[in-house]
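**Student:** To start, I am sharing the structure in question, which I have written as structure tokens.
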Amino acid sequence: MNVSKKLFVITGPTGIGKTDLLYQYLNQQEQIFEVVSLDSRQVYRYMSIGTASPEPYIKKKIPHHLVEFLEPNQSYSAGKFVKDAQTIIQDIWNRNKIPILCGGTGFYLKAFNTGMFYIEEDPEKKQEIRNMLNQLSPQERLKLLQEIDPSSLTTDNDKLGKGFIHPNDTYRIFRSLELYYLTGKTLAMHYKEMDQHKNKKEYEGIFIVPDLEKWESHLKIRAEKMVECGFIEEAINLFRNYGECPALKTPGYKETYDLYLKFGEELLHQKEFKKEIVHLLYSTHKKYGKAQIKWFKNEKSLKPVTYQEAEKFLENLANSIIINN
């Protein structure tokens, strides 16, 4: 079967049921569809319960990429996501399959749309450059940037941003010079290159707008299931094994460990402690989800749809593949 280079984007707040929808409608023996996760939390291992990572049976039917591949103490950025996602999507196309970006991390989608640059950093080289720049006065750094890339400096407030720097902005002057000595390009040069090579991939994208009452009710049920499935132990083990780490930024984990320290080992399996964690997960996920809703409502590349409309969208997508087959 030959498929055109199409890309689909499915987004929505945490707990809306995106993964279940994909499995329900795109569960085909031929594995035509492959998911590229748009989730900054599911990238980590050992957190499958608290991040609602796709179950193994789902991944067996619909291959998932960028899921559970990082250690919790490793960092991941929007720029790295763009680089990884673009490589994976091209590979999926090359294998004559259809990629679907699915998740709830709005900043990753924004970065994907703008083609945010990613830099492989050499810590030793970076420190050497910083030491060299720190030996210069702010005036000397300004003069150096004027010599390297004078067009990146401006006093016009309307032009500031996207690499354009005010002569008094010592932080961005430092950062621009640091980038130049790391990559051979100033901050302005990077932004100019981004504008010239913006993501050319066209996609059809939807944002599932929840029925708030049903969504909040589902979040409560999901929080209860997470605790029943061992979320408390997962959160405690994460902190014990990795301490303060990037993965702990995931809603619910650090808060759970703090409560564990407060209540103590003997209360770990008591009913009241579990109820406290259920409420904690519900409230943190609700807060996070509302922030996602606000973000995606402002994303012009996405069509807002109800859950029922999302079902129809995926049903039509699956049927179109069957017909073309």
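Every number here is computed from the coordinates shown, using simple stated rules; none is lab data. All values derive from a computational prediction rather than experimental measurement. Cβ coordinates were reconstructed from backbone atoms using ideal geometry, including for glycine residues, and neighbour counts include every protein chain displayed.
**Student:** Using a Gaussian network model on the chain with a 10 Å cutoff between Cα atoms, which of PHE69, PHE112, PHE207 fluctuates the most?
**Tutor:** Highest fluctuation among the options: PHE69.
**Student:** Using only the alpha-carbon atoms of segment 130-264, report the extent along each of the three principal axes, biggest first, to the nearest angstrom.
**Tutor:** Projected onto its principal axes, the Cα set of segment 130-264 covers 62, 42, 25 Å.
**Student:** Now for a different question. Assign unit charges at the C-beta atoms only (+1 for Lys and Arg, -1 for Asp and Glu), then state the dipole size of the chain relative to its Cα centre in Debye, rounded to the nearest 20.
**Tutor:** Working: 46 positive and 43 negative charges, 125 e Å.
Computed charge dipole of the chain: roughly 600 debye.
**Student:** Now for a different question. Report the extension gain between TYR57 and GLU128 in nm, rounded to one decimal, defined as 0.36 nm multiplied by the number of residues separating them, less their alpha carbon distance. List each step's numbers first, then the result.
**Tutor:** Values: separation 71, 0.36 × 71 = 25.56 nm, distance 4.86 nm.
Residue separation times 0.36 nm, minus the Cα-Cα distance, leaves 20.7 nm.
**Student:** If you don't mind, another one. Give me, ordered by chain and number, the residues 5 or more places off VAL36 or on other chains with an amide H under 5 Å from its own placed amide H.
**Tutor:** HIS65, ILE100, LEU101, CYS102
**Student:** Treating the angle as unsigned and between 0 and 90°, give the value, to the nearest 10°, between the Cα long axis of helix 212-228 and the longest Cα principal axis of the chain.
**Tutor:** Helix 212-228 and the main axis of the chain meet at about 80 degrees.
**Student:** Related question: With the chain treated as a Gaussian network of Cα nodes joined by springs under 10 Å, which of THR306, THR19, THR183 yields the largest mean-square fluctuation?
**Tutor:** In this elastic network of the chain, the residue with the biggest mean-square fluctuation among THR306, THR19, THR183 is THR183.
**Student:** Using only C-alpha atoms and all pairs of different ones, pull out the Kirkwood radius for segment 123-196 in Å with one decimal. Write down the numbers at each step before the final one.
**Tutor:** Numbers: mean 1/r = 0.0808 Å⁻¹.
With all distinct Cα pairs of segment 123-196 included, I get 12.4 Å.
**Student:** Go ahead and set up a Gaussian network model of the chain, Cα springs under 10 Å, then flag whichever of ILE165, ILE206, ILE32 fluctuates most.
**Tutor:** Fluctuation is largest for ILE165.
**Student:** Find the percent of Cα-Cα distances in the chain that exceed 38 Å, and round it to a whole number. Each step should come with its number before you reach the end.
**Tutor:** Working: 14751 of 52650 pairs.
Pairs farther apart than 38 Å: 28 percent.
**Student:** Please sort 274-281, 127-134 by packing, taking for each peptide the average over its residues of neighbouring beta carbons within 10 angstrom, highest first. Spell out each step's value before the answer.
**Tutor:** On the way: 274-281: 18.2, 127-134: 12.5.
Highest to lowest by the protection proxy: 274-281, 127-134.
**Student:** Under 24 Å Cα to Cα from LYS262, which lysines show up? Leave out anything in the same chain fewer than 8 places away.
**Tutor:** Cα-Cα hits under 24 Å: LYS220, LYS225, LYS249, LYS254, LYS271, LYS274, LYS275, LYS286, LYS287.
**Student:** Continuing with this model, one more query. When N is the residue count of segment 212-290, what does its C-alpha Rg come to as a fraction of 2.2 N^0.38 Å? All intermediate terms of the calculation are to be shown ahead of the outcome.
**Tutor:** On the way: Rg = 12.5 Å, N = 79, 2.2 N^0.38 = 11.6 Å.
My calculation over the Cα atoms of segment 212-290 gives 1.08.
**Student:** What list of ³J(HN,Hα) couplings, whole Hz, do you get for segment 129-146 from phi and the Karplus terms 6.51, -1.76, 1.60, once you set θ to phi - 60° and write x for glycine and proline?
**Tutor:** Couplings: 5, 5, 4, 5, 5, 5, 7, 8, 6, x, 5, 5, 5, 4, 4, 5, 5, 4 Hz.
**Student:** While we're here: Using a 7 Å offset from Cα along Cα-Cβ at GLU213, what residues in segment 272-308 end up with backbone N under 19 Å from the label point?
**Tutor:** 306-308
**Student:** Right, something else. In terms of modelled amide H atoms, which long-range or inter-chain residues lie less than 5 Å from the amide H of LEU7?
**Tutor:** Amide H to amide H, under 5 Å and 5 or more residues apart or across chains, LEU7 pairs with GLU204.
**Student:** Where both partners of a DSSP beta bridge lie in the chain, what percent of those bridges are antiparallel, to the nearest 5?
**Tutor:** Details: 1 of 23 bridges.
Counting only bridges with both partners in the chain, antiparallel ones make up about 5 percent.
**Student:** Arrange MET189, MET47 by Cβ neighbour counts within 10 Å, fewest through most, would you?
**Tutor:** On the way: MET189 19, MET47 23.
Going from least to most buried by this count: MET189, MET47.
**Student:** If we count other beta carbons within 10 Å of each Cβ, what is the order of GLU124, GLU55, GLU299, fewest first?
**Tutor:** Numbers: GLU124 8, GLU55 12, GLU299 17.
Exposure proxy ranking, most exposed first: GLU124, GLU55, GLU299.
**Student:** Taking the chain as the reference, fit the longest principal axis to its C-alpha atoms, fit the long axis of helix 307-324 to the helix C-alpha atoms, and give the angle between the two in degrees, 0 to 90, nearest 10.
**Tutor:** 90 degrees
**Student:** I need the Kirkwood Rh of segment 1-117: take the reciprocal of the average 1/r across all distinct C-alpha pairs and report it in angstrom.
**Tutor:** Details: mean 1/r = 0.0689 Å⁻¹.
Taking every pair of different Cα atoms in segment 1-117, averaging 1/r and inverting gives 14.5 Å.
**Student:** Quickly estimate the mean residue ellipticity at 222 nm for the chain, helices only: each DSSP H run with n ≥ 4 gives -39500 (n - 2.57), and the total goes over all residues, rounded to 500.
**Tutor:** On the way: 13 runs with 173 residues, N = 325.
Mean residue ellipticity, 222 nm, calculated: -17000 deg cm²/dmol.
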